[in-house]
Every structure is written in C-alpha cells, then in structure tokens.
Amino acid sequence: MTTALKEAKLEAHLDAVEKHKALLEKLHLNGNQHLDEVNSSLQELTLTLEEYLKIIGIP
C-alpha cells in the first residue's frame, strides 16, 4: 500500500478519536446526552481503526 493511503486512513481514525473524545466530554458535562450518539461514535472509531489496520497489514 502507498504511504499516502496509510496516512489518510490514520488521519481518518485520529479524527474519529478526537470527535469521540469531544462527545464524551460533552456527555460528561451534560448528563442528558443521548447514548445513541455515543454508540454511533464508537462504531465510527471501530470502522476507522479496522480500515487502518487492514491497510498496514494487520488482519
């Protein structure tokens, strides 16, 4: 795989991590936050991590 593709997948995952972190901070400050948003964010984290791991050769 190309370095550019690896970098793009890593950046996508790191962006998902930052978004999830912000969501968790928001949830901590606002106890009324809906848990479906947290679930959706976790699914995005999982997907981006799986894609990155496949690109770098980890099954």
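Pairs, please: C-beta under 8 Å, at least 6 apart or cross-chain, first residue closer than 22 Å to Ala8 by Cβ and hydroxyl-bearing (Ser, Thr, Tyr) and in the stretch 32-59, second at pLDDT below 90 and surrounded by 15 or more Cβ atoms within 10 Å (Cβ to Cβ)?
The qualifying pairs are Ser41/His20; Ser41/Leu23.
Any idea how many residues of the chain are polar (S, T, N, Q), modelled with pLDDT under 90 and within 8 Å of the chain's Cα centre (by Cα)?
Counting residues in the chain that are polar (S, T, N, Q), modelled with pLDDT under 90 and within 8 Å of the chain's Cα centre (by Cα) gives 1.
Can you report the number of residues in the stretch 25-36 which are under 21 Å from Leu49 (Cβ atoms) and surrounded by 13 or more Cβ atoms within 10 Å (Cβ to Cβ)?
So the count comes out to 1.
So that you can scan it fast, the table gives a plain yes or no per residue for (1) of a type in the set (Val, Ile, Thr); (2) surrounded by 15 or more Cβ atoms within 10 Å (Cβ to Cβ); (3) in a helix (DSSP H, G or I):
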{"position": "Glu7", "(1), (2), (3)": "no, no, yes"}
{"position": "Glu11", "(1), (2), (3)": "no, no, yes"}
{"position": "Ala16", "(1), (2), (3)": "no, yes, yes"}
{"position": "His20", "(1), (2), (3)": "no, yes, yes"}
{"position": "Val38", "(1), (2), (3)": "yes, yes, yes"}
{"position": "Ser41", "(1), (2), (3)": "no, yes, yes"}
{"position": "Thr46", "(1), (2), (3)": "yes, no, yes"}
{"position": "Glu50", "(1), (2), (3)": "no, no, yes"}
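The values are calculated or read from the model by the stated rules, or taken from the named source; none is laboratory data. The structure displayed is predicted, hence computed values, not measured ones. Here the Cβ is made from the backbone with ideal geometry for all residues, glycine too, and neighbour counts use every protein chain on show.
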